[in-house]
1. Which order do the peptides 370-382, 96-108 take when ranked by the mean count of other beta-carbon atoms within 10 Å per residue, highest first?
2. Label ASP478 and ALA280 with points 7 Å out from Cα along Cα→Cβ: what is the distance between them in nm?
3. Provide the net charge surrounding ASP16, with neighbours chosen by a C-beta distance below 15 Å and charges set as Lys +1, Arg +1, Asp -1, Glu -1.
4. Taking only DSSP H segments of four or more residues, each worth -39500 (n - 2.57), what value at 222 nm results for the chain once the sum is divided by all its residues, to the nearest 500 deg cm²/dmol?
5. Given the Cα-Cα distance of ASP299 and THR466 and 0.36 nm per residue of separation, how much length would full extension add, in nm?
6. Tell me the Kirkwood radius of region 396-450: reciprocal of the mean inverse pair distance over distinct alpha-carbon atoms, in Å.
7. Please list 451-457, 393-399 highest first by mean number of surrounding beta-carbon atoms within 10 Å per residue.
8. Ignoring ligands and nucleic acids, what accessible area does GLU236 show with a 1.4 Å probe (Å², nearest 10)?
Amino acid sequence: MFMQQQTDVRKWFPSDDGNPDQRALFLGLIEQILSGVDNLKDPDTVNLKGIKQRDGNFYGDLVRTSEIPGKSTPMEEVNEHLLKLLHSHPYHTKYFLTNILPMASIPGIIGMIAAFMVNGNNLWDVYGPAGAEAEVKVIAMMSKLVGYDSSRSGGYTTWGGQGAIFTGLRLAIAKHAPHASQTGVPQNLYAFCSEAAHYSLFKSMEATGIGSNNLIKVRTLPDSSMDIRDLRDKMELIIRLGGTPVYIVATTGTTDAMGIDDLSEISQLAGDIAAVHGIAKPHIHADSALGGFFAFYNDYDFAANELKLEPDTLNALQAIRGRMKHLHLADSLCFDFQKLGQTPYSTSLFLVKNAEDLKPMDLDADETPYVGHRGYGQYHTGYTLECSRMASSISIYSALLAFGIEGYQRLLAQFVDVNIAFRKALTLRIPEAVIANPNNPGIITLFRIYPDGTSHLSSEIRGERTRKEIEQTNELNDRLFESLGRHRDKIFFGDTKKHLMVPTADSHSVPLYAAKLFVISPYTQTEHIDEIVNYLKTRISEVYESSLMLASGGK
Ligand SMILES: *Cc1c(COP(=O)(O)O)cnc(C)c1O
């Protein structure tokens, strides 16, 4: 048997003939990793077991001591090293409540393994036919879900929600300045997104060379959605000044508050302004990276309520559906499957309503000497920014089959259930923690504490508080973040230093800080809310006590 020979290079690879010995060896290594991780699990804390001293010169020491071994390391021993990397790693137990950082589901992981077993290159179906097939399937599936015409739509898997926003901008530029790909980007192009949008567009403006000065931030309403009147005013102003609005990113599910921009209003307004000024309608990208998954409820019969959802949950989902049903109005959008799609990183899906939009991005035949544009092969993604691509569509495909629409509905409903239970308990038991996104149903709760223990949220939003007052309140919340952060191995909360930008009584504009509970683990159930709120109450009391001590000159 060649496997017994230490000098045989084939021992590092899966077999080419399906022999059971090689498979047993491979399975044994996988078993070692799975049981190794299981041994590190403790459902009553957030981190896996094991000790990691990250203080001192942790990364500097790594740099100093890391060398490639001269000789081969046995794979079982390599596994031991891998498992050590996982020591004290955050894990998605019931107390993992921090941000959109999900667990990878079993179907998601299995899909990856299936893809790795052939390791096809998704660049071209001659090299990666499985990935191409899965990609076409999942694009069609998700197109139908949002209401795109799947015979006209297109897309591909890419590097994150950020990559999708970047691609949307490339399409917007190509539509409005067809020669930009040869002559460079004109400097009078402008993009718009709300103050609550993800910073991806900021990055994209920088990377395309237009510059972030040409990114216009639109004010938000108290529910973190884009203020459509401010969008209109700012688009009009830019046009008056000689600029051309080419790109609008509508965030359909903000990362902090889960505010949802109204695509029907935005699309209508963009069309109207374009018609009045005789310009092409800006390309509208729905940044649905996070929230788009609520489209699984687009066709749910809320009256029949087959899943027997609780009335509050039903109302929440129905309100979200009211916005998500407009997703098809966007020219492009994104599903970050690595977020609510329950697949591993990186599995983001970029969708475009009209696949023709990708044409100007494509490479000419004479620019692709190695691949594509041959008599053989029918699928060549020459329009992506990547060359080689992983077939992450296979993982997405696996998750979509395993969960089905109903599975995703159940999972999201559970997250919403838990979030509602948290809000109720918080209001009842810690009234000084004020819910800062009360009008955003979903899976995220932002809460904010005030020095005098009473809510000033409404007056903050109305612009009646001074900058100093808001900054003092922010500072108190910052102390809560620090306290929650220090104890994050017990219960892992999130926070944000830019919930809403609010005007102040003395004519400034300042952000509101808020702590965050993000329901993301399938292991968090409503029955755990009591202890979570108890814990939070302790932390908040500590912060109040220590700040009273500070105020009275104590230590
Ligand atoms: C996460 C997120 C992004 C960025 O996505 P990545 O996959 O991290 O690149 C963009 N927009 C929104 C709304 C997000 O939640």
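1. Values: 370-382: 14.5, 96-108: 20.2.
Top of the packing list down: 96-108, 370-382.
2. Simple spin-label model gives 4.6 nm for this pair.
3. Local charge sum for ASP16: 0.
4. Computed mean residue ellipticity for the chain: -13500 deg cm²/dmol.
5. Answer, rounded to one decimal: 55.5 nm.
6. Values: mean 1/r = 0.0783 Å⁻¹.
Answer for region 396-450: a Kirkwood hydrodynamic radius of 12.8 Å.
7. Numbers: 451-457: 14.3, 393-399: 28.4.
Output ranking for 451-457, 393-399: 393-399, 451-457.
8. For GLU236, solvent-accessible area is about 50 Å².
The values are calculated or read from the model by the stated rules, or taken from the named source; none is laboratory data. All figures in this text were calculated on a predicted structure; none of them were measured in a lab. Ideal geometry is used to build each Cβ from the backbone, glycine not excepted, and the neighbour counts take in all protein chains shown. These area figures cover heavy atoms from the full protein model, side chains too; ligands, DNA and RNA do not enter into them. Shrake-Rupley method; radii C 1.70, N 1.55, O 1.52, S 1.80 Å.
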